[in-house]
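Trainee: Following this message is one structure expressed as structure tokens.
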Amino acid sequence: MKNALKIVILVISLLSISCKEEKKERTTITKPEIKRNAPKEIAYTFQKSEEWLKSEGTNTKALDLVLAINRVDAVNLKKLDSILVPTDFSGDLEYYMPFPLEVAVLNDVNKIILFSYATQAFATYEYGILTHSGPSSMGRAKDKTPTGLFFTNWKAEETISTFNDEWKLKWNFNIENKLGIGFHEYELPGYPASHSCLRLLEKDAKMLYEFADQWELENAEKVRLKGTPVIVFGSYDFKNPKIWNTLPQDAKALSISEVELETTLSPFLPSILKEQTKREKK
């Protein structure tokens, strides 16, 4: 009888250990492993747009960098007289954008999208690792993009603007349903020009369209699960010249430190992790 009891206890113990290991395995975080090429130096100069396009415009990587640095699309790049050009094109795009490559305070957040108003740029992080970055054109002075924490809700490959029914918005992902604010592909002229939405280059809009999650509704009036967190932060100085035009004098003029981001993001983390837990338990 005693031997039988010992066997039962042993089996229960093994099952308990197995369950604990299974639970531990389910909650294991796998951080993205990204190999990046850093440039030898980060410095910038002004060049004539027409001349640069003639000599380097067919170089896809160089063109992508120049578009991002100047916060423009290809059509508007041709309209500029002078453009910012890096002296070294060997690095990956993320090294020329303002966001840090890692943010420890986001280590437990599976994915998040950040928009910096001051630098007109966006970034995605997965478990604290920067995975994508690029330029944006946010709300103009009289139609500022609201700041704070949002969650993606519904999306559409193409929809019509609520501001002007002649505007077609491609790869649109709404983040504020009542105000009709979202991110989507649209013209990037090199300054904040939108009517409060978050404009993106087409390739970036497509990427975020696939990256973010839609909400899940319980019924027409109630949201069961929110989508991917989006934080819009900072403010743009509309009275002074574009801050990226100071890059030739100070290559780090736009840089956002990890400490700055921690201060900005920390107040929102409890809400973000609460919603993330809900999604994981569905």
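The values are calculated or read from the model by the stated rules, or taken from the named source; none is laboratory data. Keep in mind it's a predicted model, so treat the numbers as computed, not measured. Cβ placement follows ideal geometry from the backbone for every residue including glycine, while neighbour counts extend to all protein chains displayed.
Trainee: Identify the residue in the stretch 1-33 that is in a loop (DSSP other than H, G, I, E, B) and of a type in the set (Val, Ile, Thr) and, among all such residues, is modelled with the highest pLDDT.
Mentor: My answer is 30.
Trainee: Within the bounds of the stretch 132-139, is there any residue that is farther than 18 Å from residue 199 by Cβ and not polar (S, T, N, Q)?
Mentor: no
Trainee: Looking at (1) buried (at least 20 other Cβ atoms within 10 Å of the Cβ); (2) under 29 Å from residue 271 (Cβ atoms), which one does residue 233 not meet, given that it meets all the others?
Mentor: (1)
Trainee: Which of the following residues is among the hydroxyl-bearing types (Ser, Thr, Tyr) and at pLDDT 95 or above: 228, 162?
Mentor: Just a single option satisfies the conditions, and that option is 228.
Trainee: Among 147, 124, which is the only one that is touching a residue at least 12 places away in the same chain (Cβ under 8 Å), within 9 Å of the chain's Cα centre (by Cα) and surrounded by fewer than 23 Cβ atoms within 10 Å (Cβ to Cβ)? Step through it out loud before you land on a result.
Mentor: Numbers: 147 fails: within 9 Å of the chain's Cα centre (by Cα).
Of the residues listed, the single one that is touching a residue at least 12 places away in the same chain (Cβ under 8 Å), within 9 Å of the chain's Cα centre (by Cα) and surrounded by fewer than 23 Cβ atoms within 10 Å (Cβ to Cβ) is 124.
Trainee: Now a separate question. Can we say residue 208 is under 20 Å from residue 69 (Cα atoms), modelled with pLDDT of 95 or more, touching a helix residue (DSSP H, G or I) at 6+ places or on another chain (Cβ under 8 Å) and not aromatic (Phe, Trp, Tyr)?
Mentor: no
Trainee: Could we say that residue 239 is modelled with pLDDT under 95, within 26 Å of residue 75 (Cα to Cα) and in a loop (DSSP other than H, G, I, E, B) here? Full working, then the answer.
Mentor: Values: modelled with pLDDT under 95: yes; within 26 Å of residue 75 (Cα to Cα): yes; in a loop (DSSP other than H, G, I, E, B): yes.
Yes, satisfied.
Trainee: Would you confirm whether any residue within the stretch 44-67 is touching a Leu at 6+ places or on another chain (Cβ under 9 Å), within 26 Å of residue 139 (Cβ to Cβ) and loosely packed, with under 15 Cβ neighbours inside 10 Å?
Mentor: No, the conditions are met nowhere in the stretch 44-67.
Trainee: Restrict the check to the stretch 262-281 and report whether at least one residue is among the aromatic types (Phe, Trp, Tyr), within 23 Å of residue 138 (Cβ to Cβ), in contact with a strand residue (DSSP E or B) (Cβ under 8 Å, 6 or more places away or on another chain) and buried (at least 21 other Cβ atoms within 10 Å of the Cβ).
Mentor: Taking the stretch 262-281 and keeping what is among the aromatic types (Phe, Trp, Tyr), we get 268.
Cutting the leftovers down to within 23 Å of residue 138 (Cβ to Cβ) gives us 268.
Cutting the leftovers down to in contact with a strand residue (DSSP E or B) (Cβ under 8 Å, 6 or more places away or on another chain) gives us 268.
Remaining after also requiring buried (at least 21 other Cβ atoms within 10 Å of the Cβ): none.
No, the stretch 262-281 contains no residue that is among the aromatic types (Phe, Trp, Tyr), within 23 Å of residue 138 (Cβ to Cβ), in contact with a strand residue (DSSP E or B) (Cβ under 8 Å, 6 or more places away or on another chain) and buried (at least 21 other Cβ atoms within 10 Å of the Cβ).
Trainee: Also, quick follow-up: Residues being among the hydrophobic types (A, V, I, L, M, F, W, C) and in contact (Cβ under 8 Å) with a residue 60 or more places away in the chain: count how many of those fall in the stretch 64-96.
Mentor: Here the count works out to 7.
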